[in-house]
Structures are given as structure tokens and as C-alpha cells.
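*Asks:* Sharing a structure, written as C-alpha cells. Questions coming.
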2 protein chains.
Amino acid sequence: MTGTGEPSSPATPRRRAAPRPLPVAVDTMGGDHAPEEIIAGAVAAVRDHDVRLVLVGQAPRIRRELDRHGVVGTIPIVHADEALDMGEGALASWRKPRSSIAIACHLIRQGRASALVSAGSTAGVVATSRLRLKGQQGVMRPAIAVTLPTRPRPTILLDAGATTDVKPEGLVQFAALGTAYAQILLGLERPSVGLLTIGAEPAKGNKTTKRAHELLAGGSHGIEFAGNVEGHDLLTGRVDVVVTDGFTGNVALKTMEGTIRTAFTEIRDAMTATPAARMGALLQRRRLQDLRDRLDPDTYGGGVLLGLNGTVVIAHGASRARAITSACELAHRLAAGRIVERIREQVAQTRTSRFGRWTHGDRDGSDRQAERGRQNEKAPDRQSGSGGAQLPAEARAARKGPAGDTVPDRVQGED
Amino acid sequence: MTGTGEPSSPATPRRRAAPRPLPVAVDTMGGDHAPEEIIAGAVAAVRDHDVRLVLVGQAPRIRRELDRHGVVGTIPIVHADEALDMGEGALASWRKPRSSIAIACHLIRQGRASALVSAGSTAGVVATSRLRLKGQQGVMRPAIAVTLPTRPRPTILLDAGATTDVKPEGLVQFAALGTAYAQILLGLERPSVGLLTIGAEPAKGNKTTKRAHELLAGGSHGIEFAGNVEGHDLLTGRVDVVVTDGFTGNVALKTMEGTIRTAFTEIRDAMTATPAARMGALLQRRRLQDLRDRLDPDTYGGGVLLGLNGTVVIAHGASRARAITSACELAHRLAAGRIVERIREQVAQTRTSRFGRWTHGDRDGSDRQAERGRQNEKAPDRQSGSGGAQLPAEARAARKGPAGDTVPDRVQGED
């Protein structure tokens, strides 16, 4: 998945001349094996993969661990008093403003980190990041992208559970998020995007997917829309990106996992039947175990939260050092690929087309005029976004600079 | 699944004294192997399982087939001019009012048949039956119930794709439909019902499932609500009935099927690796093939359409004689178990509780008082149901008797 560490075709950065991205903030306190395995993984990422990191958590404890690895002083540490327990969900993000995840988000907002890696509980990480990082301008809802173990190359599925109730336009945005993510992760120029529903024909699905199909099929979103896909297409690699709401995506992922587990049990039962079966089955067992590992119960938690002002890589709760190293590499790679900016660009195209379809019956009319009209009608519940896509990057950055520096203690108009 | 042919505890019939149910109408023209395999299966059902049937389709053709089996004259035939092609969907039900499925529905409405068996395309069968049989009184939407291959006993999942957009109250009704079905199919007094969503806690899910959870957990529906279940619970047999909307259910079933197919491919690849693996793997292969067969691509089509004025058993499109025999037995068994009446009773209880919960914000007030209040404010769009749950069964039956006897020609205020 990672390994090379750099995207295949890095676009020229606009706002910052530095060729290297900011460090990745690692939450050392989240996960079943925190902090030992988290810190061991982080050390390996720095040592073997040249990833810049900053470790967030209880400073004395982190120092002790770094000392064990003989690398005290080489990785910056930011102290955090509290940690979210693995059992804690969304509410904890309010109760614990000084949690390691909250502090890591703070670093991103201050411009001191580019991304966040945590193996904490998915619900806690998602809630805290949504609260602290806020949704990216123009993005209605965030989505968790997970990587399905398809061949020859993986398929990205989103949303795996961040947003359960999604409007058709939200699904179109997820398609944009997934496109940007696949461009960086898979190095594809125009990744193909399928809409998860219950039949190949456009008219198959529920109200939301039918409308989303219309929007995706009709617009020029910069999205390579490949039509509807069904549940049995998820593991065939038919498309690069599968788009669905967080409810359906989560059910599908867990169904996949449960089915693998059942198949595994059936095989194991069969293997104990005869000595020949026991002997010969080792190979299959390994293959199935491999498949099962790839479809781990926590798969949906092993994803990337997209659509916020900063990238959040959610590692499995059970992550060991190696998984944390991979997560750090992935976060680094996404930051280097300017994922947040790519998403902004991708979503801006979507938005244009979307409002074109919505507000203007006249799809074939003057593009320029429609374009202007669209921009004026944007996003009533966010800051006035006239020309968000057209404004120079500097102007945009300046406009949201002050907000970026402040870490609010309360949610401000989260929608 | 069947075999005994009779429900474990048949309730005393109220409206008809006849101990034997009406014959089952078999659509001989639907399915990949129609009419030969359909008729062969039907003949076996009559001969070996004492199921009364009526065969619907092109009479000369049916007679020829019956002649081949040497049973001409023993099974009644009703002629139908047309058939729905396997590729035809919902629209065909309008275009072909004389199709074999439409004629079979007609027999049910005339009181000449109790149920319908078809191996035609799911979309065509569902659309035609909805159009011709109409929704059962009080049932908002029909649902397809399928049987998942869990152990020790099967789990029933509904809806597998009949109704894609379902309100919370619709899910509660599906729970009632599934309860009635499980009582007959599995012979359970109080089958446990789980709500398919994305977390065990009541607050996990989308808006619809969260509300449905409240309704199911709060009411006295005659439903044994076991709480939320997740995708990975589908094949563990944790509950007897899993309730979901037709969109999610269909995605979950197809995901299951696709995952089995992938696991199967992985195993087959591994099996070709070494001679030892090839030899020893035969057993596993059979087990996996078995699991794969049970989770056939057409599983969602191999179900029972519940909630109409008559029971519709949808056999797989690829059904051979044996599958048709089973489908006939199942239809017979459901008719003997008075499934339509059981659903009516079950849904009536649901309705009472549902409206009670709706109109009162006061969930912590005096139970007795609230209960009374709830009953008084029930069902603005349905018959006044004061005390539906408390009234003796006879009184309820008496009150809804006349309506139950009338089969409307048009949909009346289907919501």
C-alpha cells in the first residue's frame, strides 16, 4: 500500500514552498497496545521510512519509551493530559478537550502538523476530529475511506461509517473525496467510481441512490462514473472507488467480515475431519486466514477520515507497531499528496455541476452564466463561499487563517 | 426446511371450516427451466408430498408434460396466454394482464388458490403480485423474507429487496411479518427479532433505524425484540429474524454472496498449488461449495413475499424440479399455517403500540395513564384502534371482520 512513501505525480505545491510536508501527529494513547506498540511503530516510521512525526501523549511515558529505543530527543513530543478510553464514544470528545486526539487536532489547526494517526476508538476519533478540525470548506459531511483487499489493485470504499444519513449530493461529494483519495493512494489519474446499490440499471436503488445516480451520470464532475455496482461487486475490483452512505457501507463491511468468519469456521470444521484434510488444508487455511486478516473486524475502523481540515488516519484498535508504521506512512503520503487541497478542488467541480442541475433547469445554457449563478447560491449554512473554487488559494487561506489558529472549546455551528 | 408439511400448532381456522388449505397455484412459465422442470417439480409435490396444486400456463404444453409423467387429469390446469420473460421487470406487470403470474394472482383473489409459486424474475413477480393481490389490510409495504443458512436453525432476513425506502414504522411492521413467518416456518412461539444496524447501542444507526429501535424497544408489539444486530451477526444465528429495509437487506445479501465467491476462488487457487493441497482440499471444497450454494446469487430471489392478500413464494430463476417441489411445500405450509391471518393479527398489535409511542412525548409519566392516552390517540389514518392490544382477540376479530372479507380492486390509501 505504501512503501514508496511518495505519490507518483506530486503536483506543485501552491501555498508552501517547502518540499516536505509538516510532521504527522501520532496519538500515542489510543489503541489496545498503547503506548508501547504505538511508539515502537512511530520510531520505525521515522528511522526506516524517513517520515517526520510529532508524538502526542503523556510526555514522561513517551520519553521512557523513546529511551528504550535509544532515540530520545530525535522525535518531538507534545504533552497531553488525557486519553479517550477505547470504550468511549462521541461524547468523550466534549468531555475531554485535552485528550491526546484533541491536542493532535490542535497541532494541525496551528499549522504544526499535517495529519493525525490514532488507533483509538473509531467513534471517539471521528467525533473529536469533527469537533476540532471542522469540515473542510464546501464538504457537507466527512467520510471514512477503507481499502478492500481486491486484486490486482485494492478498491476504496467510502463511507464506512462516519455519516449514516447522506443526501444524494452528499454521495456525489463522497465520489469526489474518493476520487481525490484514489488519485494519491493508487496513483490513478481518473479512478473509476461506482455507486453501491441493488441493481445495474439506473432506476434500481432507493430514492437517495437513484437521485445520486442521476447527478453522477449527468454532471461533469471530474468524476469517472462507472455506474451502479452491487454487493457482489465489492471484492471483484470492478471499480476503483465504491461510494455509499456510512450506514450501508458499514453493514456491507461487517457482513463481509462475518461471512469470511463463517467460511473460515466451516473450513476449520472440515479440516478436522480426516488426517488428509488436515494435512492438505494448511495452504488453504493460510489463504483464508490472509483473506480474513485483510477483512479484519476492525477494517471499517482502519480507514482514513476525509473531508475535514486535516487528514485523520484511523488505525485498527488492535494495531501493533507494524500497523502504526504503515499508518504513519499513509498519513505522510496523503499529506505530501496534498489530499485536503485535492479534495477541495475535486469537490468544487462537483458543487458546480450539482447546483447546475439543481437550481438551473437550463443545463445547456451559457456555462459562464450558470457558473456565476451557482456560486452565489452556495452553502447557506457555511461561511459565504462565493467563488470558493475560483478564489486564489492565498485569499482563501487568509480568510480562514484566524479561525485556523483558534482551537474552540465548543462546537461552532457544526451542521 | 419443510418435509412435515404441516405447522407444529395449527390454530383453529375462523372463517373457513375446511381443514385443508386451497390449492397452490404454480406458474409453469417462469424460470430458466420452465416449463419442464417446473412441472416435474409440481408433479413430485403432488405425488410425494400430498400438496394440492393448480398449474397455470399454456394448457396444451402443460398437458403434454403431465402426459410424459403419466398423470394427465390428476392436477387441474388453468390456461394463461402470456408469460413474463426473465428479463422483464416491473413494467411487464402492466403490459401483460394475462400473464401466468397475473392469472395465478387472479385465482388467489377469486378464492380458488391459497398461494402462488413462481420462478420468474423477482422484479416481475413482485410487481405483478403487488398490482394484482394488493397489500394486505394494515400492511404499509410488502417484504421479501429469505432464509439464511445459519446453524443450528436458519435465520430469516427481511426485507431482501421488495421495498427500498422504509419508514421506522415500516420496519416495525417487517418485524411483525417476520415474526408471523418464523412462527410457521421455524415453529417458534416467540421468535427473537433483531434490527440490522451498525452498532449494538440503541443510538447507533441512521435516523430510520434509531427510531425503529425506539419503537421496537418501547412497545408491546407481540414482538420479541432482541435489540440491534450488525452485519457480522447475519450468519451467526444470534436471532431468528433480522429486520432491515429492502435496500440494505439486498446489499447485505449480495455482499455475502460475493464474499463467499471470493473466498471460494482463493481456496481454489490455493488448491491448485500442490498435489497434497489438491487431495486434502476436497472436503473443504465441498463444504465451501455447500455454503456457496446456500448463498446462491439468486438467494434474495428465493424468498417469500409477505404482506399481500396471498402468499407468493419466489423460487430461484435457476430452479430445477427439486427446488420447485420445496417451494410448493413451503407455499402449502404457509397457507396451512394461515400466514395472511397471522400477519394481520401480528400487525394489528404493532399498530396499536406504534401510535401510542408517536403521539406522546411523555415516556416517563404514569405508564397506565400514558398507555390509555396512547390508545386514544391512535392511528389518524387507520381505523380507530382504542385498546387494540387490550381487547380480547374475539372483539378485535369481530371489528375487523367485514374489512378482512373485502378484497379491494384498487389500492385504497396505500401509504
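The values are calculated or read from the model by the stated rules, or taken from the named source; none is laboratory data. Keep in mind the model is a prediction, meaning the values are calculated, not measured. All Cβ positions, glycine included, derive from the backbone under ideal geometry; neighbour counts span all protein chains shown. Note: areas computed on protein heavy atoms with side chains; ligands, DNA, RNA excluded. Shrake-Rupley method; radii C 1.70, N 1.55, O 1.52, S 1.80 Å.
*Asks:* Output the residues belonging to segment A:298-356 that are touching a Ser or Thr at 6+ places or on another chain (Cβ under 9 Å), open to solvent by 20 Å² or more (accessible area, probe 1.4 Å) and modelled with pLDDT under 90.
*Replies:* A:Asp298, A:Tyr300, A:Gly302, A:His316, A:Gln349, A:Thr352
*Asks:* Restricted to segment B:124-140, and to residues that are more than 19 Å from B:Gly178 (Cα to Cα) and among the aliphatic types (A, V, I, L, M), which residue is surrounded by the most Cβ atoms within 10 Å (Cβ to Cβ)?
*Replies:* The qualifying residue surrounded by the most Cβ atoms within 10 Å (Cβ to Cβ) is B:Val125.
*Asks:* Next question. If a residue must be of a type in the set (A, V, I, L, M, F, W, C), open to solvent by 10 Å² or more (accessible area, probe 1.4 Å) and within 17 Å of B:Ala252 (Cβ to Cβ), how many such residues does segment A:192-206 contain?
*Replies:* Here the count works out to 1.
*Asks:* Determine, yes or no, whether A:Leu107 is farther than 27 Å from B:Asp165 by Cα and open to solvent by 10 Å² or more (accessible area, probe 1.4 Å).
*Replies:* In short, no.
Let's see how each residue does on (1) of a type in the set (Asp, Glu); (2) in a loop (DSSP other than H, G, I, E, B); (3) at pLDDT 95 or above:
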position: A:Ser8; (1), (2), (3): no, yes, no
position: A:Thr12; (1), (2), (3): no, yes, no
position: A:Pro19; (1), (2), (3): no, yes, no
position: A:Val26; (1), (2), (3): no, no, yes
position: A:His33; (1), (2), (3): no, yes, no
position: A:Val71; (1), (2), (3): no, yes, no
position: A:Glu88; (1), (2), (3): yes, yes, no
position: A:Ser93; (1), (2), (3): no, no, no
position: A:Ile103; (1), (2), (3): no, no, yes
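*Asks:* Among A:Gly249, A:Gly280, which is the only one that is modelled with pLDDT under 70 and open to solvent by less than 10 Å² (accessible area, probe 1.4 Å)?
*Replies:* The match here is A:Gly280.
*Asks:* Looking only at segment B:87-98, decide whether some residue is touching a residue at least 40 places away in the same chain (Cβ under 8 Å) and surrounded by fewer than 18 Cβ atoms within 10 Å (Cβ to Cβ).
*Replies:* For segment B:87-98, residues touching a residue at least 40 places away in the same chain (Cβ under 8 Å) and surrounded by fewer than 18 Cβ atoms within 10 Å (Cβ to Cβ): absent.
*Asks:* A further question follows. I'd like to know if segment A:177-191 contains one or more residues that are open to solvent by less than 10 Å² (accessible area, probe 1.4 Å) and more than 25 Å from A:Ala331 (Cβ to Cβ).
*Replies:* No: zero hits.
*Asks:* Mind listing whichever residues of segment B:207-229 are within 17 Å of B:Val241 (Cα to Cα) and buried (at least 20 other Cβ atoms within 10 Å of the Cβ)?
*Replies:* If the condition is that a residue be within 17 Å of B:Val241 (Cα to Cα) and buried (at least 20 other Cβ atoms within 10 Å of the Cβ), then B:Thr209, B:Ala212, B:His213, B:Leu215, B:Leu216, B:His221, B:Ile223, B:Phe225, B:Asn228, B:Val229 are the ones that fit.
*Asks:* When residues of segment B:204-243 are filtered for being in a loop (DSSP other than H, G, I, E, B), within 14 Å of another protein chain (Cβ to nearest Cβ) and of a type in the set (A, V, I, L, M, F, W, C), how many remain?
*Replies:* 3
*Asks:* Sticking with this structure for a sec: Which members of segment B:41-69 meet the condition of being under 27 Å from the mean Cα position of the chain (by Cα) and either in a loop (DSSP other than H, G, I, E, B) or under 15 Å from B:Ala119 (Cα atoms) (or both)?
*Replies:* B:Gly41, B:Ala42, B:Asp50, B:Val51, B:Arg52, B:Leu55, B:Val56, B:Gly57 - these are the residues of segment B:41-69 that are under 27 Å from the mean Cα position of the chain (by Cα) and either in a loop (DSSP other than H, G, I, E, B) or under 15 Å from B:Ala119 (Cα atoms) (or both).
*Asks:* Also, quick follow-up: Tell me whether segment A:150-166 contains one or more residues that are open to solvent by 10 Å² or more (accessible area, probe 1.4 Å), more than 22 Å from A:Val340 (Cα to Cα), facing another protein chain (nearest Cβ under 9 Å) and small (Gly, Ala, Ser).
*Replies:* Within segment A:150-166, not a single residue is open to solvent by 10 Å² or more (accessible area, probe 1.4 Å), more than 22 Å from A:Val340 (Cα to Cα), facing another protein chain (nearest Cβ under 9 Å) and small (Gly, Ala, Ser).
*Asks:* Which ones in segment B:20-40 are farther than 16 Å from B:Arg333 by Cα and open to solvent by less than 20 Å² (accessible area, probe 1.4 Å)?
*Replies:* If the condition is that a residue be farther than 16 Å from B:Arg333 by Cα and open to solvent by less than 20 Å² (accessible area, probe 1.4 Å), then B:Asp27, B:Thr28, B:Gly30, B:Gly31, B:Pro35, B:Ile38, B:Ile39 are the ones that fit.
*Asks:* A further question on this structure: Six or more apart or on different chains, Cβ under 6 Å: which pairs go from a residue in segment A:252-263 that's within 7 Å of chain B (Cβ to nearest Cβ) to one that's charged (D, E, K, R)? Could you list them?
*Replies:* Correct list of pairs: A:Lys254/B:Glu230; A:Ile260/A:Arg292.
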